[in-house]
2 protein chains.
Amino acid sequence: MVKQDRALRTRQAILSAAAEVFEERGYQMATISKILTTAGVTKGALYFHFPSKEHLAQGVLHEQDQLLPVPSRSYKIQELVDTVMLHAYRLQTEPMVRAGVRLSLDQQAHGLDRSGPFAHWTEVVGVLLDEALARRELLPHVVSSEAASVLVGAFAGVQAMSQAVSDYKDLLARVSSLLAYVLPSVAVPSVLAAVDLTQDRGETIAAELRQGAGVLDLAVG
Amino acid sequence: MVKQDRALRTRQAILSAAAEVFEERGYQMATISKILTTAGVTKGALYFHFPSKEHLAQGVLHEQDQLLPVPSRSYKIQELVDTVMLHAYRLQTEPMVRAGVRLSLDQQAHGLDRSGPFAHWTEVVGVLLDEALARRELLPHVVSSEAASVLVGAFAGVQAMSQAVSDYKDLLARVSSLLAYVLPSVAVPSVLAAVDLTQDRGETIAAELRQGAGVLDLAVG
């Protein structure tokens, strides 16, 4: 058990170092030797967990998919909003999430399949929309997979724009704004009227989760 | 006059080469010497037009801002759709536009101000929305600058997602989809019902412009 804990900590240390190096240099310029120095682990340990740079990158990409399940709400659309706003908040506050998002938009990452996070998030949002549909929260004729694609693609751009123009300072306002413009094409008016999509929503959920699950789960992110 | 033409052609050749090199290597790894070889011009000519790598990048970034004014329509919202769909079509078909868009999302371009194209497009879309507002095509309470920001940010992400998952093959369908989800929060229903936002719209406008203005204008892009 102690051994397993240590292996997990080593893996996490390597991933954190990889995230740092990928964010600083981009995929192309990142080197395993730089990640080694940053992580302060042995070559053997690194290759045991991640046999190649691509494996390291997929590990970082995958970290943003470690979904924190948001608390249940009366409306599934609120859970969707909470999931999106929490992701935006984590992007702003957690280096690992930020590195994953940025890596998935790294156009110079030749040979790295970056479609995973897009597919994953489209699936996550699609499932929430399907549940909302079953509860009659969606407008008729909404195709949940299409709406999910639009939301996920749009989110990626809104965060990129926020990074380019304000270094993420205006991220939460922009994401809240995006939801305010897209959701009226998705949810029925009565649900929409009841949903809270103000920009401090993400921080509220994060605090709620921290209280519920202990500080550890969020701190390792 | 002939001299000016030649200078313009040289400038364009340098920009095309820069676009190619930036797209292949990203901003960080691109070198002036590689751009020189690709362009096949003298060092003096290059430095005359662009004194530094950053000037070259700004030149490429700026090229996507060379707005092709779309033909006038009965509804300003249709002109907005046409502007967006034409940009998507050009992104798919013109290397220079693609290089500009990609450069504006190049997170490793340390020291390069990438906010220009975002600000420019937000302005362009904002002006069209203001005109639409004056003609009562917008829903009450729409803040045109906010709607413009959402559209521009969302567009950036939708194109990045399209690149990551399909190498731009599904770009036009995705952009058309984005407009279908955002515009109902922007335009009044009667205008919305009259607007054509099918995915072949961009190609139609491009053909229209080519017929109107001669082939040259589009071919240099």
Report task. Calculate the mean, over all residues of peptide B:161-172, of how many other protein chain Cβ atoms lie within 10 angstrom of the residue's Cβ. Result -> 4
Query raised in the report: Counting only residues 5 or more places away or on other chains, whose amide H sits under 5 Å from the amide H of A:Ala187 once H atoms are built in the peptide plane?
Result: A:Leu139
Report task. Within 10 Å of each Cβ in peptide A:13-25, how many partner chain Cβ atoms are there on average? Round it to a whole number, please. Result -> 1
Requested in this report: Report the one residue of B:Val143, B:Ala193, B:Val127 whose Cα lies farthest in the direction of the positive end of the charge dipole of the protein assembly as shown (charges on C-beta: Lys and Arg +1, Asp and Glu -1; origin at the Cα centre).
Outcome: B:Val127
**Report entry** Helix axis angle, A:144-166 relative to chain A longest principal axis, alpha carbon, degrees
**Finding:** 60 degrees
Report summary line: Between the modelled labels at B:His55 and A:Phe48 (7 Å from Cα along Cα→Cβ) the distance in nm is 5.5 nm
**Report entry** Per DSSP, loop chymotrypsin sites (Phe, Trp or Tyr not before Pro) in region B:118-200 with at most 10 further Cβ within 10 Å
**Finding:** none
Query - With Cα atoms, 0 to 90° folded angle of helix B:53-63 axis to chain B main axis - result: 30 degrees
Query raised in the report: For region A:13-114, what log10 I(q)/I(0) values come out of the Debye formula at q = 0.10, 0.19, 0.23 1/Å, with one point per alpha carbon and no solvent?
Result: -0.32, -0.87, -1.13
Query - Volume of the Cα convex hull of chain B, divided per residue and given in Å³ - result: 128 Å³
Query raised in the report: Got the B:Glu203 label distances to the other copies yet, label 7 Å along Cα→Cβ, in nm, shortest first?
Result: 4.9
**Report entry** Inter-part distance where region B:90-146 and region B:156-215 are each reduced to a Cα centre, Å
**Finding:** 14 Å
Query raised in the report: To the nearest whole number, what is the average tally of beta carbon atoms from other chains within 10 Å of the beta carbons of peptide A:115-125?
Result: 2
**Report entry** Scattering curve values for region B:2-59, log₁₀ I(q)/I(0), Debye with Cα scatterers, q = 0.23, 0.28 Å⁻¹
**Finding:** -0.82, -1.19
Query raised in the report: Can you give me the relative contact order of chain A as a percent, contacts being Cα pairs under 8 Å and 6 or more apart?
Result: 23 percent
Requested in this report: On a 0 to 90° scale, report how tilted helix B:201-213 is relative to the longest principal axis of chain B, with both axes built from alpha carbons and the result rounded to the nearest 10.
Outcome: 60 degrees
Requested in this report: Identify the GluC sites (Glu not before Pro) of region B:110-170 meeting these criteria: DSSP loop state and at most 15 other C-beta atoms within 10 Å of the C-beta.
Outcome: none
Report task. Work the Kirkwood hydrodynamic radius out for the protein assembly as shown: mean of 1/r over every pair of different alpha-carbon atoms, inverted, in Å. Result -> 23.2 Å
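The numbers here are math on the coordinates, done by the rules we state, and not lab data. These figures come from a predicted structure and were not determined experimentally. Cβ coordinates were reconstructed from backbone atoms using ideal geometry, including for glycine residues, and neighbour counts include every protein chain displayed.
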